[in-house]
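None of the figures in this text is laboratory data; all of them are computed from the coordinates on show. The shown structure was predicted, so the numbers you read here are calculated from the model rather than taken from an experiment. Cβ atoms come from the backbone with ideal geometry, glycine included; neighbour counts cover every protein chain shown.
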Amino acid sequence: MALLDGRLIAIPSRGRIGQSGVTWVHQGQQRIFEYETEGTVYSVGAVDGEATHFEGYSSSGLNRAIVQHALQNAGLAGRTVHAVSGLPVSTFYRKNGQLRQGTIDKKRGSLKLAVRPITETLPAGIAFHDVIPEALAAWYDYVIVDQEDGASLDGDRLSVPVAIVDIGGRTTDYVVVKDQGIIHASSGSLQCGMLDVKQQVANGIQERFDLETLGEQLVAQAVEKKVVRLHGKDHDVSSLVDDAKREVLERLHAETRRQLGLGVELDQILFVGGGTVALAEYITNWFPNQAIAEHPAFANARGMLKYLRYVCEASDAYSLDSCHRFSLKAATQTQQSCHLSER
């Protein structure tokens, strides 16, 4: 999440259907929280989360519960917000550039549905929610520069062709922008990201130690630390993690070459996303004209907030009537503004 007050907040997209089944000895140490939406209860936080890489996740109750948990973590309980979130490029656009309007509208409406914390805490409400393509959001972050007296466009960055490679959890997105237009022939999504690394590591651990099941949190820690703790003992799984990353990197590199070629006509190839953080040491020499964005995991979040503040035009206190192709303007926000990331 990126918020109007400058805060950048990240939480794991980790939740599942059903009550937590945990009673906390000390309420201040609570690590699992329950939310109800459309009659279903979800547990979010330190749980073995359900898979989020399924069709329809972006408009699911699981997604809404995780977003509500993020808003609660940001201290927005009882507040109403304007928000922007994203969809993978291939989910937002057809290959010919037409909008997938039904999917966009479903996503836009989903986060406005009520989500109730199953505590005495007040819910955070979303009065307005717009959706833009992931990766394109990072382009907005790249060309719009915040300043003390507002914001300005970086003319040099705006005038040249730029590619964004957004390595996320579920997908890797590609957007090429030239003359403020999206080049759809070189833009799209690959269903591959860091969740594929986790799945391969989980499979490897289960096979090596003859395990039928393995908790999602345990796998996440194994990928991060390259050690898995089983039966009270630590086991080195660095080879499993390295092999999984290598296989995913081969897929990403092949797709990146297919989308962008050698990048000779591009002024800049910018890598963003949480996957870029995890794989940074492996992707340093893919292109001579590449760069990794500052705090790449938050590039989409920052760009969506800039889009909300400077590109959308407010028609009244609770809706933003029109969003222009690209025209920078100051926007007066009467409510807290934020970006909600479901990567």
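Points worth noting:
- FRET efficiency, 1/(1 + (r/R0)^6) with R0 22 Å, evaluated for Asp48 and Thr121 via beta carbons: 0.40
- Virtual paramagnetic centre 7 Å along Cα→Cβ of His295, amide N under 16 Å, in the stretch 148-162: 148
- Relative contact order computed over the chain (Cα-Cα under 8 Å; 6+ residues apart), in percent: 20 percent
- Annotation: amide H-H contacts under 5 Å for Tyr93 (H modelled 1.01 Å from N, sequence separation of 5 or more, or interchain): Arg100.
- Taking all Cα pairs closer than 8 Å and separated by 6 or more residues, the relative contact order of the stretch 194-248 comes to 38 percent.
- Relative compactness, the stretch 1-67, computed as alpha-carbon Rg over 2.2 N^0.38 Å: 1.21
- Cα-based shape type of the stretch 129-186, given that a ≥ b ≥ c are square roots of the gyration tensor eigenvalues and the cut on a/c is 1.5: oblate
- Fewest-first ranking of Lys198, Lys226, Lys107, using other Cβ atoms within 10 Å as the exposure measure: Lys226, Lys198, Lys107
- Extent along principal axes [Cα atoms of the stretch 210-308; Å; largest to smallest]: 53, 33, 20
- Calculated [θ] (222 nm, deg cm²/dmol) that DSSP helices of n ≥ 4 give over the chain, each run adding -39,500 (n - 2.57): -9000 deg cm²/dmol
- P(r) tail for the stretch 175-221: Cα pairs beyond 18 Å make up 51% of the total.
- Per-residue Cβ neighbour counts within 10 Å put Trp139, Trp286 in the sequence Trp286, Trp139, beginning with the fewest.
- Neighbourhood charge, 10 Å Cβ-Cβ cut-off, centred on Ala135 and excluding it, Lys, Arg +1 and Asp, Glu -1: -3
- Annotation: the stretch 194-248 has a Kirkwood hydrodynamic radius of 10.8 angstrom, from the mean reciprocal C-alpha pair distance.
- The stretch between Ala280 and Gln199, if pulled fully straight at 0.36 nm per residue, gains 27.2 nm over its current Cα-Cα span.
- Stokes-Einstein diffusion coefficient of the chain, Kirkwood radius over Cα pairs, 25 °C, 0.890 mPa s, in µm²/s: 117 µm²/s
- Taking the number of Cβ atoms within 10 Å of each Cβ as an exposure proxy, the fewest-first ranking of Thr121, Thr52 is Thr121, Thr52.
- Cross-linked pairs Lys106/Lys306; Lys198/Lys245; Lys107/Lys245; Lys198/Lys225: Cα-Cα separations exceed 19 Å for Lys106/Lys306; Lys107/Lys245.
- Extension gain, Glu212 back to Asp267 (0.36 nm per residue minus Cα-Cα distance, nm): 14.9 nm
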